[in-house]
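The values are calculated or read from the model by the stated rules, or taken from the named source; none is laboratory data. Only a predicted model underlies this, so the values are computations on that prediction, with no experimental measurement involved. Don't worry about glycine lacking a Cβ; one is built from the backbone with ideal geometry, like all the others, and counts go over all protein chains shown. To get the accessible areas, we keep the full protein, side chains included, count just its heavy atoms, and leave off ligands, DNA and RNA. Shrake-Rupley method; radii C 1.70, N 1.55, O 1.52, S 1.80 Å.
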Amino acid sequence: MDLDDWRLVIVTICIVLVIIAFSPLIFAYIPDEGERFFALAILGENGMAEKYFPDDDADVERGENIKWMLYVYSHSGELSYVSIRFKLLNSTTSAPNSTFCRASAAPVVHEINTILLDNETLLIPVQWSLQGVRISENRTIIESLMFNENPSQVHVEAFDENSFRFVIELWVYDYESMEFKFGWASGDEQNCAWNQIWFNVLG
Amino acid sequence: MFTLLGLVVVVFLSINYCYAAYETEASVKLDAAGEYVELAFLSVNDLERMGGDISSLVVDLKEAIQYFDGSKHALESGDFTGSVLLSRKAVSESEEIIYEAFNLKQVAKIKSGNLLRNQVIFSSLYSLLILVLGYLFWRFIKSYYIRQIMRAKPEVR
């Protein structure tokens, strides 16, 4: 190597080391583009994906206590304010639309609000029971139920059947619009999370 | 008879009016509590984005949200007194959180300013050291190179 080659090598190494020296400052101003997501699941009484109903029987009687565990996880990169909304639907009412992240139009029966740190998981116990039920020839009407020891007037009807479902939606507080929205933004995409569990009403 | 009937009607209407007024008051207080809780959350969120320590505030914020949820459920079940009480607790807790978050934001601002300044100073000094060492190494290589050339020159007699 002659002198010119040595000069080139030394200058190159110095430039690289100077860039490394300033890299913490550079990275501090580069935004984190990692994917934001939340996870929502309904688990059985024991925190597992089983035993959602006593004796695994989805036929629910009036006054029968049903216990579930609500699983919520946040990977949003920051503190999040979430609202988990329970809605009671029959088989014909529209469920939430995952493609366009549109919530179900059914009214909220019960709501649980909480905050989640980034990478935090919450297991929230939930219990409910049917209180006011009317069954006629071709109609089953749930008038009221008890949700986490709070009474709730509902009035949901099912015609020619006795099947109902709980739809559980995850709403996230949006920092920009300062209101709860169904789902969350991750880059240019809008994502949402919801669950449903079917059950039958016995007289 | 009619006087008595009139009296009964007036009492009945008054009770209904008071009930409605109390329900309205509880509902208004619940809405206010909801807004305060949202403001508290935004304050803590801002503090987190500034790099502040939010661990103690998160615990208080969860409590404020529980009061708010409790107030909402109490209102739905007709317990207006309970709802108003819990709304007041939610508001009080949220106000404390907002105040504390404001103080912590000032501390976080100073800390992040100091951190940036220290980072710039360290990076600049480190770069200067690299350049100086690089220059000294270049000088060493150059003088070594020249010495090697001089040694290789034949003696002139």
Tilt relative to chain A, helix A:3-28 - C-alpha long axis, 0 to 90 degrees, to 10
30
What order do B:73, A:155 take when sorted by accessible area (1.4 Å probe), most exposed first?
A:155, B:73
For chain A, the dipole about the Cα centre with charges only on Cβ (Lys and Arg +1, Asp and Glu -1), to the nearest 20 debye, works out at 480
Would you kindly find the accessible area of residue A:126, with a 1.4 Å probe and non-protein molecules such as ligands, DNA and RNA excluded, rounding to the nearest 10 Å²?
0
For the protein assembly as shown, what are Rg and Dmax over the alpha carbons, in angstrom?
33.0, 151
Can you tell me how the stretch A:111-179 classifies by the Cα gyration tensor, rounded, prolate or oblate, using a/c under 1.5 as the rounded cut?
prolate
Ignoring ligands and nucleic acids, residue A:92 exposes an accessible area, probe 1.4 Å, in Å² to the nearest 10, of 110
Which Cα, out of A:142, B:119, A:16, lies furthest along the positive dipole direction of the protein assembly as shown (beta carbon charges, K/R +1, D/E -1)?
A:16
Log10 I(q)/I(0) at q = 0.14, 0.17, 0.18, 0.19 Å⁻¹ for the stretch A:61-152, from Debye over equal alpha-carbon scatterers, is -0.67, -0.92, -0.99, -1.06
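Quick one: dipole size for the protein assembly as shown, taken about the Cα centre, charges +1 on Lys/Arg Cβ and -1 on Asp/Glu Cβ, in debye to the nearest 20.
Working: 28 positive and 48 negative charges, 508 e Å.
Dipole of the protein assembly as shown, to the nearest 20 debye: 2440 debye.
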Once you charge only the Cβ atoms, +1 for Lys and Arg and -1 for Asp and Glu, what is the size of the charge dipole of the stretch A:134-193 about its Cα centre, to the nearest 20 debye?
240
How far is helix B:55-76 tilted off the main Cα axis of chain B, in degrees rounded to 10, range 0 to 90?
20
With springs only between Cα atoms under 10 Å apart, run a GNM on chain B and tell me which of B:32, B:101, B:20 wobbles the most.
B:20
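Could you give the semi-axes, largest first, of the ellipsoid that matches the stretch B:32-117, computed as the square roots of 5 times the alpha carbon gyration tensor eigenvalues and rounded to whole Å?
Numbers: eigenvalues 205, 16, 13 Å².
Over the Cα atoms of the stretch B:32-117, the ellipsoid semi-axes are 32, 9, 8 Å.
State whether the stretch A:54-108 is rounded, prolate or oblate according to the following rule on the C-alpha gyration tensor (a ≥ b ≥ c being the square roots of its eigenvalues): a/c under 1.5 gives rounded; otherwise a/b larger than b/c gives prolate, and the remaining case gives oblate.
Numbers: a/c = 2.59, a/b = 1.40, b/c = 1.85.
Oblate shape, in that a/c is at least 1.5 and b/c is the bigger or equal ratio.
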Along the dipole axis of the protein assembly as shown (charges at Cβ: +1 for Lys and Arg, -1 for Asp and Glu; origin at the Cα centre), the most positive-end residue among A:182, B:39, A:47 is B:39
Looking only at Cα atoms, what is the convex hull volume of the stretch B:1-61 per residue, in Å³?
51
At a Förster radius of 56 Å, what calculated FRET efficiency corresponds to the Cβ-Cβ distance of residue A:149 and residue B:149, to the nearest 0.05?
0.05
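Given a cut-off of under 8 Å on Cα pairs at least six residues apart, what relative contact order in percent is computed for chain B? Kindly include the intermediate steps, with their values, before the conclusion.
Working: 113 pairs, mean separation 39.3, N = 157.
It comes to 25 percent, rounded to a whole number.
Could you sort A:93, A:114 by accessible area so the largest value comes first, with the probe set to 1.4 Å? Can you show the working numbers first?
On the way: A:93 50, A:114 20 Å².
The most accessible residue leads, giving A:93, A:114.
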Expressed as a fraction of 2.2 N^0.38 Å, the rule-of-thumb size for a compact globular protein of N residues, what is the C-alpha radius of gyration of chain B?
2.43
Quick one, can you get me the convex hull of the C-alpha atoms of the stretch A:79-121 expressed as volume per residue in Å³?
103
Ignoring ligands and nucleic acids, what accessible area does residue A:85 show with a 1.4 Å probe (Å², nearest 10)?
40
Chymotrypsin sites (Phe, Trp or Tyr not before Pro) within the stretch A:71-100: which are DSSP loop residues with at most 10 other Cβ atoms inside 10 Å?
A:100
Using only the Cα atoms of chain A, what are the Rg and Dmax in Å?
25.8, 101
Return, in residue-number order, each cysteine of chain A whose C-beta is not under 4.7 Å from any other cysteine's C-beta.
A:14
May I ask for the angle, rounded to the nearest 10°, between helix B:2-49 and the longest principal axis of chain B, with both axes built from Cα atoms and the value confined to 0 to 90°?
0
Quick one: order A:154, B:9 from most to least accessible surface, probe 1.4 Å.
B:9, A:154
